Amino acid sequence: ALDRFECSEEEHEFFQKLTEVILDENPDKSVPQALNDWMNENIGKYMVQGPMHDITWELGYPMDVYNYKTADCLGNAYLLCELLRSAGVPAVVATGYISDFRTIAERELFNFYANELSLSEGERRGIDGHAWVFCYYDGKWQCVDSLWNHVFTEKELIASYYYIQGVDNVKKYK
């Protein structure tokens, strides 16, 4: 069994039962697609300045996100990761930036601003800080982003839009 993600054993058991119901209701969809679709139908989205911004659950514990039915990208990613793990699918939360990196110029511009100038997140020229999930399903890693309703299986698409800085709080050494 996979470890639960940011929740108690009792909460993990609840999410296992919920995941079974979701998958039973969507037999023609892949597990990542079914859970992503459920998230989009049942969990509202708010940006950092949303109506519940000052509440302490903004870190996104899965049960809080489920109970309040709303979350930012990190909360969405934490709940989706727990649902995937509850379904037996290996999954991790990734953090970084999302933008259109399809041209070399865009990626080089991002690297220059983010790394060379050490600009704050607010100064990164429209490149948004973000969190999403990677899961290993059907023999390959997939990017599942319930906030933007993306399920990408092609490496080129993932690399075109997602710039990874950390995975499950694992950061590269300097």
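Here are a few things to note about the model shown:
- Evaluating residue 41 against the criteria (1) outside any helix (DSSP H, G or I); (2) open to solvent by 60 Å² or more (accessible area, probe 1.4 Å); (3) at pLDDT 90 or above leaves one unmet condition, (1).
- Residue in region 24-31 that is modelled with pLDDT of 85 or more, under 25 Å from residue 158 (Cα atoms) and either crowded, with 20+ Cβ neighbours inside 10 Å or within 16 Å of the chain's Cα centre (by Cα) (or both) present: yes
- In region 94-104, the count of residues that are at pLDDT below 90 and basic (Lys, Arg) is one or more.
- Pairs, first modelled with pLDDT of 70 or more in region 153-174, second part of a helix (DSSP H, G or I) and open to solvent by less than 100 Å² (accessible area, probe 1.4 Å), C-beta under 7 Å, six or more apart: 163/110
- Considering (1) under 17 Å from residue 135 (Cα atoms); (2) more than 17 Å from the chain's Cα centre (by Cα); (3) at pLDDT 90 or above, the lone condition that residue 77 does not fulfil carries the number (2).
- Residue pairs meeting the criteria (Cβ under 9 Å; at least 6 apart or on separate chains; first closer than 14 Å to residue 142 by Cβ and open to solvent by 20 Å² or more (accessible area, probe 1.4 Å), in region 71-99; second assigned to a helix (DSSP H, G or I) and of a type in the set (A, V, I, L, M)): 87/22; 87/23; 87/31; 87/34; 87/35; 90/84
- Filter pass, residue 66 being modelled with pLDDT of 90 or more, farther than 21 Å from residue 162 by Cβ and open to solvent by less than 70 Å² (accessible area, probe 1.4 Å): yes
The values are calculated or read from the model by the stated rules, or taken from the named source; none is laboratory data. Note that the structure is a prediction, hence the values are computed from the model and not measured. So basically every Cβ, Gly included, is an ideal-geometry build from the backbone, and we count neighbours across all protein chains shown. Accessible surface is based on the protein model in full, side chains and every heavy atom, while ligands, DNA and RNA are left aside. Shrake-Rupley method; radii C 1.70, N 1.55, O 1.52, S 1.80 Å.
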